[in-house]
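The structure appears right after this line, and notes come after that.
Derivation of every value follows stated rules applied to the coordinates shown; laboratory data play no part. Note that the structure is a prediction, hence the values are computed from the model and not measured. Cβ sites come from the backbone with ideal geometry, for glycine too, and all protein chains shown count toward neighbours.
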Amino acid sequence: MFRRFRNREIDEGRLEVAIEAFEEQMTLFNVEPLTHSVIKESERLLRGAW
């Protein structure tokens, strides 16, 4: 979006709308930090070691 703004493909108002919409959507994502045990379990499952 910033590239489009720099290239004058969109104006400042549209850039602000896009940023606000992005920030609003980010609040809907469930983001949790990965612990070592989660990474190890994922690796075990990917290798097929049930």
- Item | Dimensions in Å of the chain - Rg and Dmax from alpha carbons | 19.4, 54
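Excluding Met1 itself, what net charge comes from residues whose Cβ is under 15 Å from its Cβ, given Lys and Arg +1 and Asp and Glu -1? Walk me through the numbers before you get to the answer.
Details: positive: Arg3, Arg4, Arg6, Arg8, Arg14; negative: Glu9, Asp11, Glu12, Glu16, Glu20, Glu23, Glu24.
My count for the surroundings of Met1 gives -2.
Test of the criteria: in the chain, which GluC sites (Glu not before Pro) are in a DSSP loop and have at most 14 other Cβ atoms within 10 angstrom of their Cβ? Mind dumping the intermediate values first?
On the way: sites: Glu9, Glu12, Glu16, Glu20, Glu23, Glu24, Glu41, Glu43; in loops: Glu9.
The qualifying sites are Glu9.
Rounded to the nearest 20 Debye, what is the dipole magnitude of the chain about its Cα centre when Lys and Arg each give +1 and Asp and Glu each give -1 at the C-beta? Intermediate values should be presented prior to the final figure.
Details: 8 positive and 10 negative charges, 85 e Å.
It comes to approximately 400 debye.
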